[in-house]
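The structure follows.
The values are calculated or read from the model by the stated rules, or taken from the named source; none is laboratory data. Everything quoted here is computed from the prediction, not taken from an experiment. Positions of Cβ are generated from backbone atoms using ideal geometry, with glycine treated the same way; all protein chains shown enter the neighbour counts.
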Amino acid sequence: MGDGDWSRRLGRPHGAERQTVSGSAGRGQDRKVRRVPIRAIRGAIQVDENEREAILEGATEMVRAVLERNHLAACDLISIVFTATPDLTAEFPAYAARQLGLTDVPLLCATEIAVPGAMPRVLRLLAHAETSLARSAVRHVYLRGAAALRTDLPH
């Protein structure tokens, strides 16, 4: 099956898009349909220690950087999945996002798999957002020591 086959089967053009309708839908009046692309944005940051404040500070810095570099507001976010390496257990990184005011965005925390030799003390996120940015224009964010994970990206 080719890249766009599933999208066509589902009745959508290739690429994840959501249609929003303005006007009086279903009442026989003209409707304007606006397509809003959905993008996935990655982020990672290495924190100094397994302490609550270090995790909250790192998660806050990472979320703010993702939002700022991609010109996003809370209302653009669909969801965020946070992961932490197995050595970070002092706090949920999603709590930092709640403290930033992301109170109606679905958030999830999980533990990364314990790969021998992997970089320690790393928080990661995968944010899904509605944005008009082209996929190639999305700015993934790798901060502090985690910048070494993606040397192919501008930091």
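State all residues of segment 133-148 that are surrounded by 15 or more Cβ atoms within 10 Å (Cβ to Cβ) and either under 24 Å from residue 54 (Cβ atoms) or in contact with an Asp or Glu (Cβ under 7 Å, 6 or more places away or on another chain) (or both); if no residue qualifies, say none.
Of all residues in segment 133-148, those surrounded by 15 or more Cβ atoms within 10 Å (Cβ to Cβ) come to 133, 138-147.
Once the filter is applied, which keeps residues that are surrounded by 15 or more Cβ atoms within 10 Å (Cβ to Cβ) and either under 24 Å from residue 54 (Cβ atoms) or in contact with an Asp or Glu (Cβ under 7 Å, 6 or more places away or on another chain) (or both), segment 133-148 yields 140, 141, 142, 143, 144, 145, 146, 147.
Just to be sure before I move on: is residue 53 assigned to a helix (DSSP H, G or I) and free of Cβ contacts under 8 Å to residues at least 12 places away in the same chain in the structure I sent?
Working: assigned to a helix (DSSP H, G or I): yes; free of Cβ contacts under 8 Å to residues at least 12 places away in the same chain: yes.
Yes.
Restricting attention to segment 131-155, which residues are closer than 17 Å to residue 47 by Cα, modelled with pLDDT of 95 or more and basic (Lys, Arg)?
Once the filter is applied, which keeps residues that are closer than 17 Å to residue 47 by Cα, modelled with pLDDT of 95 or more and basic (Lys, Arg), segment 131-155 yields only 144.
Okay, moving on. Considering only residues that are free of Cβ contacts under 8 Å to residues at least 60 places away in the same chain and charged (D, E, K, R), which ones fall in segment 56-81? Even if it seems obvious, please write down each step before you answer.
Start the filter on segment 56-81 by keeping residues that are free of Cβ contacts under 8 Å to residues at least 60 places away in the same chain, which leaves 56-57, 60, 64, 67-68, 72-81.
Matches in segment 56-81: 57, 64, 68, 76.
Follow-up. Is it true that residue 128 is touching a Lys or Arg at 6+ places or on another chain (Cβ under 6 Å), surrounded by 13 or more Cβ atoms within 10 Å (Cβ to Cβ), closer than 13 Å to residue 42 by Cα and not hydrophobic (A, V, I, L, M, F, W, C)? It would help to see each step written out before you state the result.
Working: touching a Lys or Arg at 6+ places or on another chain (Cβ under 6 Å): no; surrounded by 13 or more Cβ atoms within 10 Å (Cβ to Cβ): yes; closer than 13 Å to residue 42 by Cα: yes; not hydrophobic (A, V, I, L, M, F, W, C): yes.
Judged against the criteria, residue 128 is not a match.
Against the conditions (1) more than 22 Å from residue 146 (Cα to Cα); (2) modelled with pLDDT of 95 or more, where does residue 16 fall short? Just the number, please.
(2) is the only condition that residue 16 fails.
Next question. Give all pairs with beta carbons closer than 8 Å in which a residue from segment 107-131 that is in contact (Cβ under 8 Å) with a residue 12 or more places away in the chain and part of a loop (DSSP other than H, G, I, E, B) meets a residue that is surrounded by 12 or more Cβ atoms within 10 Å (Cβ to Cβ) and among the hydroxyl-bearing types (Ser, Thr, Tyr); count only pairs at least 6 apart in sequence or on separate chains.
Close Cβ pairs satisfying both conditions: 112/83; 112/85; 114/85; 118/85; 119/85; 120/85; 121/85.
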